[in-house]
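Below is one structure, written out as structure tokens, with a few remarks after it.
The values are calculated or read from the model by the stated rules, or taken from the named source; none is laboratory data. If you're wondering where the values come from, they're calculated on a predicted model, not measured in any experiment. No Cβ is skipped: glycine too gets one built from the backbone with ideal geometry, and neighbour counts run over all protein chains shown.
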Amino acid sequence: MKKGRILVTGGTGYIGSHTVVELQQAGYPVVIIDNLSNSNLEVLDGIERITGQRPPMVEADCTDMAALEQLFTDYPDIKGIINFAASKAVGESIEKPILYYRNNLNTLLNLLDAMPRHGVKGIVFSSSCTVYGEPDSNPVTEAAPIKKATSPYGNTKQISEEIITDVVNSGAPIKSVILRYFNPVGAHPSAEIGELPNGVPQNLIPYLTQTAIGIRKELSVFGNDYDTPDGSCIRDFINVVDLAKAHVIAVERMLEDKSDNKIEIFNLGTGIGLSVLELIDAFQRATGVNVPHKIVGRRAGDIEKVWANPAYANEVLGWKAQTSIDDTMRSAWAWQCKLRERGVM
Ligand code: NAD
Ligand code: WQD
């Protein structure tokens, strides 16, 4: 049976591009919408080199309803949406809350509004473990309480989950799967696509790989006085290709009515908590490349420790994170080396 087309919003971004690859490899026709606010068109070349197919792409903003209407009219076979399009820098969201609320919420509202008019059955939404704040205990299940958001970015994820729930419960003819990612890291093993941070990276892995290659002098480890075995924070680092694969399963489950629930929520993580210092060790071990680093003070707003209990996704989706942390670190390093080779950075 021919598979319905999947609209991938933010499809030239980090997680979106890896998901487009997995969708195409699973036989799904796709179409990307992206305004290139945090990505570029060369990503399409990378996807094409991996899959042999260039995904169609509409360069437009999801907050532009007329552009979305046009897209749905031009691609009447769209059956599902994966909504990656959002602004995602936590620090920037504190300085520019209106930008974050407008971009992230209007994008979602427009998509939910347009779906029934165009016969689009379901939407997969990129949420985050940030909704759990500092959890009362680890590993975290989907039933853990939602804590007050500490940034406008985090708040957009909480509000988005509520908006989706309200719209689905209103009887709108749509379904949704909400995926709460832990810390996505690494790159496609081909090193054709990966994460492209804008300016000085705020996240650990891009800062680490840029330090390893000499763009940054030293990686600052934010705090070694936390209540953890080595004093540094603990996260659940999930390989981006493993994460992308979960989206294909979620889309299929939604479109093929494999569940009676109109809305489902899954944690996507490995179930393994790794400290910042352990991650640096893993990178050095896996690549043989030294990462100059020093301990500095805590970063305001950081969560001490959070890692997933992914049992629900493992059982219900039949999905499990499979890539070892060493392979993930090697993929991040290969991607950084590819960027250097191409003269990007
Ligand atoms: P990204 O910035 O690499 O990708 C987002 C893409 O969306 C970019 O290509 C950007 O140009 C595009 N975009 C943004 N606003 C748009 C708009 N209004 N219209 C069209 N395109 C728009 O980010 P990512 O890391 O791939 O994250 C994807 C999603 O996953 C986001 O919703 C993010 O909040 C969520 N998420 C990311 C992480 C993470 O650590 N990377 C963790 C949890 C959740
Ligand atoms: C990881 C750990 C830092 C940089 C953020 C968002 C979250 C989610 C993922 C989307 C922390 C430490 C970092 C550095 C360091 N995104 N660190 N030196 O903070 O877990 O999550 O991205 O939803 O919402 O908050 O990720 O990669 O920034 O940090 O020591 O230069 O690495 O303190 O403990 P975080 P991160």
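So here's what we get for this one:
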read-out	value
Residue satisfying all of: in the range 175-191; over 15 Å from ARG330 (Cβ atoms) and more than 12 Å from ligand 1 (Cβ to nearest atom); nearest to the chain's Cα centre (by Cα) among these	VAL177
Flag for MET1 being at pLDDT below 95, over 25 Å from SER151 (Cβ atoms) and away from ligand 2 (no atom under 16 Å from the Cβ)	yes
Residue in the range 239-249 that is in contact with a helix residue (DSSP H, G or I) (Cβ under 8 Å, 6 or more places away or on another chain) and within 13 Å of ligand 2 (Cβ to nearest atom) present	yes
Those residues of the range 259-307 which are of a type in the set (Val, Ile, Thr), more than 10 Å from ligand 2 (Cβ to nearest atom), within 21 Å of the chain's Cα centre (by Cα) and more than 30 Å from LYS121 (Cα to Cα), in sequence order	ILE272
Members of the range 68-95 that are over 19 Å from the mean Cα position of the chain (by Cα) and either free of Cβ contacts under 8 Å to residues at least 12 places away in the same chain or away from ligand 1 (no atom under 13 Å from the Cβ) (or both)	GLU69, GLN70, PHE72, THR73, ASP74, TYR75, PRO76, ASP77, ILE78, LYS79, ILE94, GLU95
Residues of the range 133-151 satisfying the condition of being within 12 Å of ligand 1 (Cβ to nearest atom) and not in a loop (DSSP other than H, G, I, E, B)	none
Top-ranked residue in the range 227-241 [being closer than 30 Å to VAL120 by Cβ and in contact with a Ser or Thr (Cβ under 7 Å, 6 or more places away or on another chain); ranked as surrounded by the fewest Cβ atoms within 10 Å (Cβ to Cβ)]	VAL241
Filter pass, THR287 being among the β-branched types (Val, Ile, Thr), in contact with a strand residue (DSSP E or B) (Cβ under 7 Å, 6 or more places away or on another chain) and at pLDDT 95 or above	no
Any pair with Cβ under 8 angstrom, 6 or more apart, that starts in the range 127-139 at a residue that is closer than 9 Å to LYS305 by Cα and ends at one that is modelled with pLDDT under 95 and outside any strand (DSSP E or B)	none
Subset of the range 53-70 (residues that are more than 11 Å from VAL8 (Cβ to Cβ) and surrounded by fewer than 20 Cβ atoms within 10 Å (Cβ to Cβ))	GLN53, ARG54, GLU59, ALA60, ASP61, THR63, ASP64, MET65, ALA66, ALA67, GLU69, GLN70
SER160 under 19 Å from the mean Cα position of the chain (by Cα), among the small types (Gly, Ala, Ser) and modelled with pLDDT of 95 or more	yes
Scan of the range 50-60 for residues that are within 19 Å of THR107 (Cβ to Cβ) and in contact (Cβ under 8 Å) with a residue 40 or more places away in the chain, ordered by number	MET57
Qualifying residues in the range 208-226 (those that are within 9 Å of ligand 2 (Cβ to nearest atom) and small (Gly, Ala, Ser)) - the one surrounded by the fewest Cβ atoms within 10 Å (Cβ to Cβ)	SER220
Pair list, Cβ < 9 Å and 6+ apart or interchain, from the range 26-49 residues that are farther than 19 Å from ALA60 by Cα to residues that are within 8 Å of ligand 1 (Cβ to nearest atom)	GLY46/SER17; ILE47/GLY11; ILE47/THR12; ILE47/SER17
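Results for (1) surrounded by 20 or more Cβ atoms within 10 Å (Cβ to Cβ); (2) more than 23 Å from LEU204 (Cα to Cα), shown as yes or no for each residue.
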{"position": "LEU243", "(1), (2)": "yes, no"}
{"position": "LYS262", "(1), (2)": "no, yes"}
{"position": "THR270", "(1), (2)": "yes, no"}
{"position": "ALA282", "(1), (2)": "no, no"}
{"position": "PRO292", "(1), (2)": "no, no"}
